[in-house]
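The values are calculated or read from the model by the stated rules, or taken from the named source; none is laboratory data. These figures come from a predicted structure and were not determined experimentally. Don't worry about glycine lacking a Cβ; one is built from the backbone with ideal geometry, like all the others, and counts go over all protein chains shown. Quick note on the areas: whole protein, heavy atoms, side chains included, nothing else; ligands and nucleic acids left out. Shrake-Rupley method; radii C 1.70, N 1.55, O 1.52, S 1.80 Å.
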Amino acid sequence: MSVYSMTGYANGQNGPVGTQPETDARPPAAGRLGVEIRSVNSRFLDLSFKLPEELRQHETALRELLTSKLKRGKVEVRAAVESTAQAGIAEPSTRLLQRLNGVQDGIRAWLPSARELSVADVIRLAAGDSAARGDWGPDLLEVTQKALESLMAAREREGARLATMLKDHLGQLRKLAAQAVPLIPQLVEQQRARFLERWQDAMGLTGGTLPEAAQDRALTEATAFAIRIDVAEELTRLSSHLDEIERLLKKGGEVGKRLDFLIQELHREANTLGSKSAALELTRIGVDMKVLIEQMREQVQNIE
C-alpha cells in the first residue's frame, strides 16, 4: 500500500446540464456546479462543509463518501452553484404550460378581472420552476467523487515524497549510530584507566591501605559510572525503532500515528545518549541525531 499525506487540494466542476424528456421525475438542475476539497494534517478526521442552501440536504451523502476514503486530516469541502438562468431563457415545458393554463383558468373563474399571463410572466415562472425542482444530488456526488479521486492522487504523491525523505533520514541516523558504536568501548576503557590511576593515587596517599568500606564504595562508584556512560543499550533500541519505521513505510496505509509514536521513542533514545555522553564526539553525534529526528517529526505529522 502507498503512504498518504494528509495535505492536498483538488477541485472539479460540471458543465451546464442539458434538457431531458418531459417526465414526472424531477428534472436535473440547470447551471454549473463546482466543488473544492482542501485537506491539511490533523490528529483525526475532521470534515467541514460550506454549501449553498440548495445543496445542504446532500451533506450526509457527501460525508459518507469522504469517510469511505479518508481516515485522518482536516478536510474542507466547498461547493458553489452558478445558475444559467441569467445567461439564457429557460424554455417552459408543455407540462408546465398546461399547468399554468389550468391555474389561470381557475383564478379567472373567481376573479374575472384578473389579467392574463404575459409571455414574460410565463418565462419568469418557468425559470423559477426549474430552479425549484432542479435536483443537484446526482451531479454533486459525481463531481465530488472525481474531486476526491484527484485529492487522493495528490495525497499519494505527497506521501511518496515524504516517505522518500524519511528513508533518507533513516540512512543518516544509521550512519551516526555506526559512528557511535566503536566509541563506547573506548570510552569505557578510558574511564577505567582514569579510575585505576586515581585509585593508585589514593592508595599512595593512605600508605597503600584503605578501609574495606572505602574500597567497596570506590568499586560501587566505578561500576555505576561505567553503566552510566555505556550507551550500547540506547543504540540497540534506536536501531530497532529505525527498522520498525522502515517496515511501516514499506507497508503503507494508515501508519501516521504509529510513526509519530516511534519518532517520540527515537527522540527519547537520542536524549538519553546525549545525557550519558562522556566524550565530545558522542555529544556531537547525539545533537546531529536530534536534529534529524526533529525533521522527521515534522514530516511524519503530515502522514495519514
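Has segment 32-41 got at least one residue that is exposed (fewer than 15 other Cβ atoms within 10 Å of the Cβ), of a type in the set (Gly, Ala, Ser), at pLDDT 85 or above and under 15 Å from GLU76 (Cα atoms)?
The answer is no; no qualifying residue exists.
Quick one: LEU176 ticks every box in (1) open to solvent by less than 70 Å² (accessible area, probe 1.4 Å); (2) modelled with pLDDT under 80; (3) over 30 Å from THR7 (Cα atoms) except a single one, so which number is it?
The single condition LEU176 does not satisfy is (2).
Only one of these conditions is not met by ARG26: (1) farther than 19 Å from ALA147 by Cα; (2) at pLDDT 90 or above; (3) open to solvent by 50 Å² or more (accessible area, probe 1.4 Å). Which number is it?
It fails just one condition, (2).
Conditions (1) at positive phi; (2) aliphatic (A, V, I, L, M); (3) open to solvent by less than 80 Å² (accessible area, probe 1.4 Å), marked per residue:
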| position | (1), (2), (3) |
| --- | --- |
| VAL231 | no, yes, yes |
| ARG247 | no, no, no |
| GLU254 | no, no, no |
| ARG258 | no, no, no |
| GLU265 | no, no, yes |
| ARG268 | no, no, no |
| LEU282 | no, yes, yes |
| ILE285 | no, yes, yes |
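If I filter segment 44-56 down to residues being under 22 Å from SER68 (Cβ atoms) and at pLDDT below 90, which single residue comes out as least open to solvent (accessible area, probe 1.4 Å)?
My answer is LEU55.
For segment 250-284, what are the residues that are part of a helix (DSSP H, G or I), in contact with a helix residue (DSSP H, G or I) (Cβ under 8 Å, 6 or more places away or on another chain) and within 18 Å of TYR4 (Cβ to Cβ)?
Correct list: GLY256, ARG258, LEU259, ASP260, LEU262, ILE263.
How many of the residues in segment 57-66 are open to solvent by 60 Å² or more (accessible area, probe 1.4 Å) and either within 23 Å of LEU259 (Cβ to Cβ) or in contact with a Ser or Thr (Cβ under 7 Å, 6 or more places away or on another chain) (or both)?
Number of matching residues: 0.
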